[in-house]
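For reference, the structure is listed below as structure tokens.
The values are calculated or read from the model by the stated rules, or taken from the named source; none is laboratory data. All values reported here derive from a predicted model rather than from experimental measurement. Every residue, glycine as well, gets a Cβ built from its backbone with ideal geometry; the counts of neighbours run over all protein chains shown. Accessible surface areas use protein heavy atoms only, side chains included; no ligands, DNA or RNA. Shrake-Rupley method; radii C 1.70, N 1.55, O 1.52, S 1.80 Å.
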Amino acid sequence: MSQRGARITGWASALPDNVVTNHDLEKTLDTTHEWIVERTGIHSRHIGGTTASLSVESGGKAIARAGLTPADIDIVVLATTTPDRQVPATASTVQQELGIKGGAFDINAACSGFVYGLTVGNGLVATGAQHVLVIGTDTLRTITDWDDRSTAVLFADGSGSMVLSATDGPSNILGTSLTSDGSLERLLFAERGGNLQMVGKEVFRNAVGYMVGTSRDALHKAGVTIDDISLVVPHQANIRIIEAACRRLGVEMDNVAIVLDHTGNTSSASVPLAFVEAEAAGRVAPGDLILMTGFGAGMTAASAVIRWDP
Ligand code: COA
């Protein structure tokens, strides 16, 4: 039986122009640049745009990068925890603005959303789609209390997209692992119309365990070991979470993609944002294996092992 796999053929990101530094936050919050850098690794973040506008920008660029036009896209999968409206899905706005004729829907798996989206896209290709646009976008500023120093220093806005295209043979998404532990919902949540509430220390502790657990599971399913991985692309929440997880996995920080110093935590956007910068810096070569791993509210976690074959 012939196989129908997926390849990543396009990738791009988008950040709002407006940059907010830690020093800017010092003016309105009881905090310091030094505290934020030491506890999180974040120096500045981008704030602005809507989930649709940022998605249109990164999605449009990813389609062009793939050498395609919007008419070629069969389905738009938008991972977001901050849709512009309750109804309809923001993916429908993006579809209309990009001029795509195919299907469109949102998924919400919080900061694990993009890796969930890639997994869904891989399945859509396996069952017949030719080209799937997977977008991760969040405008977390819209659900952040800017007077709460424990969360306002962390969250920001951004978008990243990848095009998955059908290929003969096995998928380049070699193994995935998706989890959720709903018993930990209270650690990070926003009621409808409300702002994010967080028990930071507990999120930290659980995040490390779940990133490591899903990474090991995805590696096992892919039939590879951590030593085969050339680049780890983690969710960008806190440099100390990433360092702790990488220590447990046995990964050197030189092999990890980091953008959180200038993006903050952009939720669904953070993994593709980090990947796009690493690729632009020449940090991936054809044939390399990449481990993408994220965690977030829910508490969700998701990892994927991908062969880079653009
Ligand atoms: N500036 C200065 N002080 C701050 C502060 C800020 N922005 N935010 C909190 N503090 C204070 C606290 O009030 C506390 O003061 P106290 O000791 O007088 O009570 C002190 O700093 C230590 O707070 P604590 O929460 O113990 O710090 P921490 O080392 O755990 O770091 C986080 C806080 C939020 C940076 C860290 O817990 C974290 O990153 N957690 C994970 C959050 C996350 O990733 N969320 C998104 C998941 S997708």
message = Of the conditions (1) open to solvent by 30 Å² or more (accessible area, probe 1.4 Å); (2) on the phi < 0 side of the Ramachandran plot, residue 173 satisfies every one except a single condition; which number is it?
response = (1)
message = Please go through (1) under 26 Å from residue 279 (Cα atoms); (2) among the small types (Gly, Ala, Ser); (3) outside any helix (DSSP H, G or I) for residue 112 and return the number of the only condition it doesn't satisfy.
response = (3)
query = Across the range 280-310, which residue is nearest to the ligand (Cβ to nearest atom) among those that are in a helix (DSSP H, G or I) and surrounded by 19 or more Cβ atoms within 10 Å (Cβ to Cβ)?
reply = 297
request  = Examine the range 72-86 for a residue that is more than 17 Å from residue 121 (Cα to Cα) and hydrophobic (A, V, I, L, M, F, W, C), and state whether such a residue exists.
outcome  = no
request  = Would you be able to say whether some residue in the range 218-225 is assigned to a strand (DSSP E or B) and more than 15 Å from the chain's Cα centre (by Cα)?
outcome  = no
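Can you tell me which residue among 276, 271 is within 16 Å of the ligand (Cβ to nearest atom) and part of a helix (DSSP H, G or I)?
On the way: 276 fails: within 16 Å of the ligand (Cβ to nearest atom).
Every option except 271 fails the conditions.
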remark   = Looking across the range 187-204 at residues that are surrounded by 12 or more Cβ atoms within 10 Å (Cβ to Cβ), in a helix (DSSP H, G or I) and of a type outside the set (Val, Ile, Thr), the single one that is nearest to the chain's Cα centre (by Cα) is 204
key: Residues of the range 249-264 satisfying the condition of being surrounded by fewer than 21 Cβ atoms within 10 Å (Cβ to Cβ) and touching a Gly at 6+ places or on another chain (Cβ under 7 Å)   = 261
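Tell me, which residue of the range 29-85 that is assigned to a strand (DSSP E or B) and either of a type outside the set (A, V, I, L, M, F, W, C) or within 16 Å of the ligand (Cβ to nearest atom) (or both) is surrounded by the most Cβ atoms within 10 Å (Cβ to Cβ)? Full working, then the answer.
Quick first cut of the range 29-85, residues assigned to a strand (DSSP E or B) only: 44-46, 75-79.
Pick out the ones that are also either of a type outside the set (A, V, I, L, M, F, W, C) or within 16 Å of the ligand (Cβ to nearest atom) (or both) and you get 44-46, 79.
Working: 44: 19, 45: 29, 46: 22, 79: 32.
Within the range 29-85, the match that is surrounded by the most Cβ atoms within 10 Å (Cβ to Cβ) is 79.
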query = Does residue 228 qualify as being surrounded by fewer than 24 Cβ atoms within 10 Å (Cβ to Cβ), farther than 18 Å from residue 305 by Cα, touching a residue at least 60 places away in the same chain (Cβ under 8 Å) and not basic (Lys, Arg)?
reply = no
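Counting just the residues of the range 96-117 that are open to solvent by 40 Å² or more (accessible area, probe 1.4 Å) and more than 23 Å from residue 305 (Cβ to Cβ), which one comes out farthest from the ligand (Cβ to nearest atom)? If you could, list the steps in order and put the result at the bottom.
If we filter the range 96-117 for residues that are open to solvent by 40 Å² or more (accessible area, probe 1.4 Å), which is where we start, we get 96-97, 101, 105-106, 108, 116.
Cutting the leftovers down to more than 23 Å from residue 305 (Cβ to Cβ) gives us 96-97, 101, 105-106, 108.
On the way: 96: 30, 97: 28, 101: 34, 105: 23, 106: 18, 108: 13 Å.
Filtering first and then ranking leaves 101.
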key: Complete set of residues in the range 120-142 that are part of a helix (DSSP H, G or I) and either at pLDDT below 95 or open to solvent by 30 Å² or more (accessible area, probe 1.4 Å) (or both)   = 120, 122, 123, 124, 126, 141, 142
key: Filter result for the condition that a residue is under 18 Å from the mean Cα position of the chain (by Cα) and away from the ligand (no atom under 14 Å from the Cβ), over 137, 167, 127   = 137
